[in-house]
Amino acid sequence: MTFSAQLMRAVEPQWQAMLAHPFLRQTADGTLPAGRFETWLRQDYLFVREDIGFIGCLLARSPVHLRRMLGEFIPALHQEMALFESMARELGVSLEGVEAAPVCHAYNMFLLATVHTRSFVESFTVLYGSEKAYCDSWTRVKKLQTRQSPYQRFIDHWSSDAFAAWVNQLAQALDSLAGRCGADEVKCLEDLLRLTARYEYWFWDMALTGAGWPA
Ligand code: MP5
């Protein structure tokens, strides 16, 4: 079993909980209550915008052999933001003046704190977790879909072969870093990957419940 697959196995319960979140099933079968997808769209737009900063910091710390891969991801995220903007226009959703919900804020801060205070491989593992989470989650939506969705372009984007290939590239890069990791470091990577899966679960949950700040 590869190093990345071993890490994934250690967080299986949290991963399955994330994939079983009702937001995904309801998106797939069209039963999501009105406004819930739009909440996700607005919040994830903010998430991706901040994620670009995380990738930039990761790139600055990256070993030479991973720089091109990480560097090319930045324009891809700008393209993704254009997809959000175009879908928002299509759905009549405003992206102006949105405040980050607690989980969106916390998740972005977790990414930034990780890249500033933890090792490169620890930060890279968190990136792998967040990308794999979207690949697996949207592929699950695609599989459960019974009819065309108004949100099809998002579903197709993250369940595409191209996105799966990107996640696979990340897995291979993570495998190439395995040699740097002793037992303590591996435990640390598992903990960070688990936390990433939990943030992802919590993000779906926020979209479904609309949970915001108390005041
Ligand atoms: C991604 C995302 C990763 N957009 N939002 C969350 C909450 N988790 C992960 O996907 P990408 O392609 O980096 O936007």
Helices (runs of 4 or more DSSP H) contained in the stretch 75-176 and holding at least 1 residues closer than 14 Å to Val48 by Cα and of a type outside the set (Val, Ile, Thr):
102-117, 120-144, 152-158
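Taking the stated definitions as given, is Leu19 away from the ligand (no atom under 14 Å from the Cβ), open to solvent by less than 40 Å² (accessible area, probe 1.4 Å) and either closer than 27 Å to Leu189 by Cα or touching a Phe, Trp or Tyr at 6+ places or on another chain (Cβ under 7 Å) (or both)?
On the way: away from the ligand (no atom under 14 Å from the Cβ): no; open to solvent by less than 40 Å² (accessible area, probe 1.4 Å): yes; either closer than 27 Å to Leu189 by Cα or touching a Phe, Trp or Tyr at 6+ places or on another chain (Cβ under 7 Å) (or both): yes.
No: the conditions fail for Leu19.
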Result of the Cβ filter at 9 Å on the stretch 18-30, keeping first residues that are within 20 Å of Thr196 (Cβ to Cβ) and outside any helix (DSSP H, G or I) and partners that are modelled with pLDDT of 95 or more and of a type in the set (Asp, Glu), at least 6 apart or interchain, is His21/Glu200; His21/Asp205
Residues satisfying the stated conditions in the stretch 177-190, i.e. open to solvent by less than 60 Å² (accessible area, probe 1.4 Å) and part of a helix (DSSP H, G or I)
Ala178, Glu185, Val186, Cys188, Leu189, Glu190
Check off (1) exposed (fewer than 12 other Cβ atoms within 10 Å of the Cβ); (2) more than 23 Å from Gln152 (Cα to Cα) for Ala100 and give me the number that stays unchecked.
(1)
Just checking, which of Arg25, Arg89 is loosely packed, with under 13 Cβ neighbours inside 10 Å, farther than 30 Å from Ala178 by Cα and modelled with pLDDT of 95 or more?
Arg89
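The values are calculated or read from the model by the stated rules, or taken from the named source; none is laboratory data. Quantities reported herein were computed from a predicted structural model and do not represent experimental measurements. All Cβ positions, glycine included, derive from the backbone under ideal geometry; neighbour counts span all protein chains shown. Calculation scope for accessible area: heavy atoms of the full protein, side chains included, ligands and nucleic acids excluded. Shrake-Rupley method; radii C 1.70, N 1.55, O 1.52, S 1.80 Å.
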